[in-house]
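What follows is a single structure, written as structure tokens, with notes after it.
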Amino acid sequence: MTVLRESPWYQEILQEGIQQERRRSLERILNLRFGDIPLDISRKMEALTLEQLDELIAIALTVNSLDEFSQQLPN
């Protein structure tokens, strides 16, 4: 089992799962605070790294509007 956990393939799958969960968490926060998320914002969030998602979760908790949040998204 240790060999499997150390394999690059396993690490990649694990990373993707963590990114998906962070993305879902970010979407839940935005939905609770601002309602439906526009499709263009959702699409931009799909391409973000784990680090970017973590930063945006903190931002989502402090901004006053979805427009303010969208300005923080990387291009």
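The values are calculated or read from the model by the stated rules, or taken from the named source; none is laboratory data. Computed from a predicted model, the values in this text were never measured in an experiment. Because the Cβ atoms are built from the backbone with ideal geometry, glycine has one as well, and the counts that use them run over all protein chains shown. Note: areas computed on protein heavy atoms with side chains; ligands, DNA, RNA excluded. Shrake-Rupley method; radii C 1.70, N 1.55, O 1.52, S 1.80 Å.
For this structure, a couple of remarks:
- Being modelled with pLDDT under 95, over 19 Å from Asp54 (Cα atoms), of a type in the set (A, V, I, L, M, F, W, C) and part of a helix (DSSP H, G or I) is true of Leu4.
Residues are listed down the side, and each one gets a yes or a no for (1) free of Cβ contacts under 8 Å to residues at least 40 places away in the same chain; (2) open to solvent by less than 40 Å² (accessible area, probe 1.4 Å); (3) in a helix (DSSP H, G or I):
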residue: Trp9; (1), (2), (3): yes, no, yes
residue: Glu12; (1), (2), (3): yes, no, yes
residue: Arg22; (1), (2), (3): yes, no, yes
residue: Leu26; (1), (2), (3): yes, yes, yes
residue: Leu30; (1), (2), (3): yes, yes, yes
residue: Arg33; (1), (2), (3): yes, no, yes
residue: Leu48; (1), (2), (3): yes, yes, no
residue: Leu53; (1), (2), (3): yes, yes, yes
residue: Asn75; (1), (2), (3): yes, no, no
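- Residues within region 57-69 that are over 21 Å from Leu14 (Cβ atoms) and assigned to a helix (DSSP H, G or I), tallied: 7
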